[in-house]
Amino acid sequence: MKYAAGVALPRQPRNLSVVDLAPPPASILQDVCDGLSRPQKQLPPKLFYDRRGAQLFTAICSTQAYYPTRTENAILDRRAPEIAGEIGTAAAIIEFGAGEVEKIRRLLPSLHPAVYAALDLSHEQLLRSTGRLAVDYPWLDVIAVIGDYGADLQSRLSLPAYARRIVFFPGSSIGNFEPEQAQAFLERARDFVGVRGGVLIGVDLVKDASVLNLAYNDPEGYTAAFNLNLLTRLNRELGADFDLSAFSHEAFYNASRSRIEMHLRCVRPQRVRIASRLFAFDAGETIHTESSYKYTPDSFTCVARAAGFHAARLWIDPAAWFGVFFLHN
Ligand code: AVI
């Protein structure tokens with residue numbers, strides 16, 4: 001059993017092991033300055049997920065407006081036996097961005113894998129959630145992998161050779177990649193799972209713009225708070241002096257690019273100091289903070305095919321708002 005250095009884990013369940021593949025802490029300063037120096041200012045969406053951002057994202061997922069979470073959950077609940085039929089029992093499931101490890105619970109009774117490895121960078125949350133999972137499923141080997149999407153799983157994660165490898169990537173997080181990054185992610189996943197393996201992935205689908213626009217402008221204001229929290233984080237971690245009252249949340253569906261765009265719009269001219277740099281914002285100018293691509297079954301199948309997968313099975317909800325794909329060779 002391996003422990004992450006410096007992580008106190010009282011009463012760690014015997015069926016839980018921990019692998020620490022976290023990259024060395026990197027300063028976010030360079031990414032932030034690069035993004036704010038572009039003609040269309042931008043900030044990397046990975047910066048959303050500090051502790052407050054993670055809480056706000058959980059709150060977003062519970063709203064009526066943000067349909068992806070409950071729609072995907074309903075597909076997983078309803079289709080678990082069919083999904084398990086495709087994957088087979090005794091597989092090794094590796095979930096990317098596992099967080100609360102909530103979705104896999106919907107599949108475990110049907111799927112009965114040999115191993116479940118949950119990868120996430122947020123080690124506190126991951127150790128808590130995988131610890132609970134290991135207690136609830138004493139027959140399951142659970143591995144908490146502290147790392148990001150770039151972690152070298154091939155050489156650092158030991159999985160039983162007999163087990164079919166399945167990458168599980170729910171939540172439509174693939175939509176936050178640019179399409180070429182999405183293809184690259186799937187290519188890496190395909191290399192990792194090998195010819196016998198597969199990828200089970202949640203994908204948000206193109207739909208009426210009014211549904212999409214509401215999902216990213218929830219009446220409770222959680223998405224707006226999530227977006228603005230980015231600036232709070234820069235003020236705290238980089239000593240920046242953003243005046244939060246000068247920026248407002250904006251999210252809209254860009255149909256020509258099949259994506260939701262989230263921006264922070266500057267409502268009056270601003271000069272913002274970050275470390276030794278000064279950034280000027282005109283009134284009306286925006287910082288692009290996130291894209292969330294929406295696919296059709298065909299457009300996503302094209303990306304999967306370009307990444308080398310030959311076969312796909314798709315489960316969708318009755319309104320065709322969300323798809324769960326199983327990609328294999
Ligand atoms: C994590 N990701 C799939 C979410 C999305 O829908 O693109 C992030 C999010 N941003 C605003 N609301 C939710």
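The values are calculated or read from the model by the stated rules, or taken from the named source; none is laboratory data. Every value quoted in this text rests on a predicted model; they were computed, and no experiment measured them. Neighbour counts run over all protein chains shown; Cβ positions are idealised from the backbone, glycine included. In case anyone asks, the SASA skips ligands and DNA or RNA and just uses the protein heavy atoms, side chains included. Shrake-Rupley method; radii C 1.70, N 1.55, O 1.52, S 1.80 Å.
On C-alpha positions alone, give me the angle between the axis of helix 179-193 and the longest principal axis of the chain, in degrees, nearest 10.
Once rounded, the angle reads 20 degrees.
Given the stretch 28-156, what percent of its DSSP beta bridges are antiparallel, to the nearest 5? Display every interim value, and only then the final one.
Numbers: 0 of 11 bridges.
Percent antiparallel among DSSP bridges in the stretch 28-156 is about 0.
Please give the Cα centre distance for the stretch 239-300 versus the stretch 151-212, rounded to the nearest Å.
Taking the Cα centre of each part, the stretch 239-300 and the stretch 151-212 sit 27 Å apart.
How much length is gained on full extension from His112 to Ile28, taking 0.36 nm per residue of separation minus their Cα-Cα distance?
On the way: separation 84, 0.36 × 84 = 30.24 nm, distance 4.00 nm.
Full-extension gain reported as 26.2 nm.
For Ser17, which sequence-distant residues (separation of 5 or more, or a different chain) have an amide H within less than 5 Å of its own amide H, given hydrogens modelled in the peptide plane?
Those qualifying (amide H under 5 Å, at least 5 residues apart or on another chain) are Val142, Ile143, Ala144.
Just to confirm the number: angle between the C-alpha axis of helix 51-61 and the first principal axis of the chain, 0 to 90 degrees, nearest 10?
So the inclination is approximately 70 degrees.
Highest mean first, how do 244-255, 141-152, 17-28 rank when packing is the count of other Cβ atoms within 10 Å averaged over residues?
Values: 244-255: 16.2, 141-152: 19.7, 17-28: 13.8.
Sorting 244-255, 141-152, 17-28 by mean packing, highest first, produces 141-152, 244-255, 17-28.
For the stretch 30-109, what is the charge dipole size about the Cα centre, in debye to the nearest 20, if Lys and Arg each add +1 at the Cβ and Asp and Glu each add -1 at the Cβ? Can you show the working numbers first?
On the way: 11 positive and 10 negative charges, 49 e Å.
For the stretch 30-109, the charge dipole is close to 240 debye.
Could you work out [θ]222 nm for the chain from helices alone, using -39500 (n - 2.57) per DSSP H run of at least four and dividing by all its residues? Round to the nearest 500 deg cm²/dmol.
Counting only the DSSP helices, I get -11000 deg cm²/dmol.
Length gain on complete extension for the stretch Ala275 to Asn254, per 0.36 nm per residue less the alpha carbon to alpha carbon distance? Before the final figure, lay out each step's value.
Working: separation 21, 0.36 × 21 = 7.56 nm, distance 3.38 nm.
Result: 4.2 nm gained on full extension.
Name the shape class, rounded, prolate or oblate, that the alpha-carbon gyration tensor gives for the stretch 1-108, where a ≥ b ≥ c are the square roots of its eigenvalues, rounded holds for a/c under 1.5, and otherwise prolate holds if a/b is larger than b/c and oblate otherwise. Walk me through the numbers before you get to the answer.
Details: a/c = 2.19, a/b = 1.28, b/c = 1.71.
Cα axes put the stretch 1-108 in the oblate bin.
For the Cα atoms of the chain, what angle does the longest principal axis make with the long axis of helix 297-306, in degrees from 0 to 90, nearest 10?
80
Which Rg and Dmax, in Å, describe the Cα atoms of the stretch 172-329?
In order Rg, Dmax, the Cα atoms of the stretch 172-329 give 19.0, 56 Å.
Hey, how many Å between the Cα centroid of the stretch 13-53 and the Cα centroid of the stretch 80-150?
Using only Cα atoms to place each centre, the spacing works out to 23 Å.
Kindly report the accessible area of the chain per residue (heavy atoms of protein chains, probe 1.4 Å, no ligands, DNA or RNA), in Å².
45
Classify the stretch 51-148 as rounded, prolate or oblate, taking a ≥ b ≥ c as the square roots of the eigenvalues of its Cα gyration tensor: rounded when a/c is under 1.5, otherwise prolate if a/b is larger than b/c and oblate if not. Before the final figure, lay out each step's value.
Values: a/c = 2.19, a/b = 1.17, b/c = 1.88.
Judged from the Cα gyration tensor, the stretch 51-148 comes out oblate (a/c at least 1.5, b/c at or above a/b).
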